[in-house]
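Here's the structure we're looking at; comments come further down.
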Amino acid sequence: MAAAALAAAIGWGQTATAQEFVFRGNRAQAPSVGQYMKQAGPQTKEVPHGALKIDDVPVNCGTRPTVLNPKFDSWGGAFPGFLIMNTAKIQGLSTQVKLYIYSHECGHQFIGASETKADLFAIRRGVRWGWLDAQGMEEICTFISKLKGDAVHPAGPKRCTTMRNYYRELVNGTQQASSGMQPNTLGPSN
């Protein structure tokens, strides 16, 4: 677990996830992109903000870069100021699921540690930016429903129900998709 090894190296508890480092750890002790990449190994690659494309779809998380790490312990993660995508784990997933994962991790930069709020950030962004449709929502649910819950993540089926209901509210106009962050003005930085 790259995140756990990094945590041990800089003095955090060994069972924390990247999101827990971001929002529960001491921000002053959070690794920089360079520190993370040095600890994670030579297989990592930094992609500057504005340069990342997922299946030819440009993505961004404000001015934050993304580190591609095929050995990261999950599909994606977030530290203060940068995101991590596991290029090996996301291979074979649909484009909309990949965009959901990226957007979920980006959501942690703006809303904090809440997995539910990060899920809703991703769904709102998908509707607002036009990459999420009903089929994609079902693909996300198929993906997420297989996951068991843990101390910070609700069980996959519960996450799916919450996201699916929110998606319906957005497309039916009972919630405003524009309440999400605009593509080039992603709100306050953390």
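Just a few scattered comments:
- Within segment 68-88, tally of residues that are assigned to a loop (DSSP other than H, G, I, E, B) and more than 10 Å from the chain's Cα centre (by Cα): 9
- Verdict on K98 being open to solvent by 50 Å² or more (accessible area, probe 1.4 Å) and either more than 19 Å from G41 (Cβ to Cβ) or not hydrophobic (A, V, I, L, M, F, W, C) (or both): no
- Test set (1) modelled with pLDDT of 95 or more; (2) touching a Phe, Trp or Tyr at 6+ places or on another chain (Cβ under 7 Å); (3) of a type in the set (F, W, Y) - F79 fails condition number: (1)
- Residue check, F110 part of a helix (DSSP H, G or I), modelled with pLDDT under 95, under 17 Å from the mean Cα position of the chain (by Cα) and closer than 25 Å to S32 by Cα: yes
- Residue within segment 154-169 that is more than 23 Å from P48 (Cα to Cα), surrounded by 19 or more Cβ atoms within 10 Å (Cβ to Cβ) and among the basic types (K, R) present: yes
- Hits in segment 131-153 - residues which are of a type in the set (A, V, I, L, M), surrounded by fewer than 14 Cβ atoms within 10 Å (Cβ to Cβ) and in a helix (DSSP H, G or I): A134
- Pairs meeting the criteria (first residue in segment 43-57 and touching a residue at least 12 places away in the same chain (Cβ under 8 Å), second residue among the β-branched types (V, I, T) and open to solvent by 80 Å² or more (accessible area, probe 1.4 Å), beta carbons under 7 Å, at least 6 apart or on different chains) are H49/T63.
- Within segment 30-68, considering residues that are farther than 16 Å from C106 by Cα and among the hydroxyl-bearing types (S, T, Y), the one surrounded by the most Cβ atoms within 10 Å (Cβ to Cβ): Y36
- For S114, the conditions (1) surrounded by fewer than 17 Cβ atoms within 10 Å (Cβ to Cβ); (2) in contact (Cβ under 8 Å) with a residue 12 or more places away in the chain; (3) not charged (D, E, K, R) all hold with the exception of (2).
The values are calculated or read from the model by the stated rules, or taken from the named source; none is laboratory data. Since the structure is predicted, the reported quantities are computational estimates derived from the model, not experimental observations. Heads up, the Cβs are rebuilt from the backbone with ideal geometry, glycines too, and the neighbour counts pull from every protein chain shown. Side chains included, ligands, DNA and RNA excluded: accessible areas come from the protein's heavy atoms. Shrake-Rupley method; radii C 1.70, N 1.55, O 1.52, S 1.80 Å.
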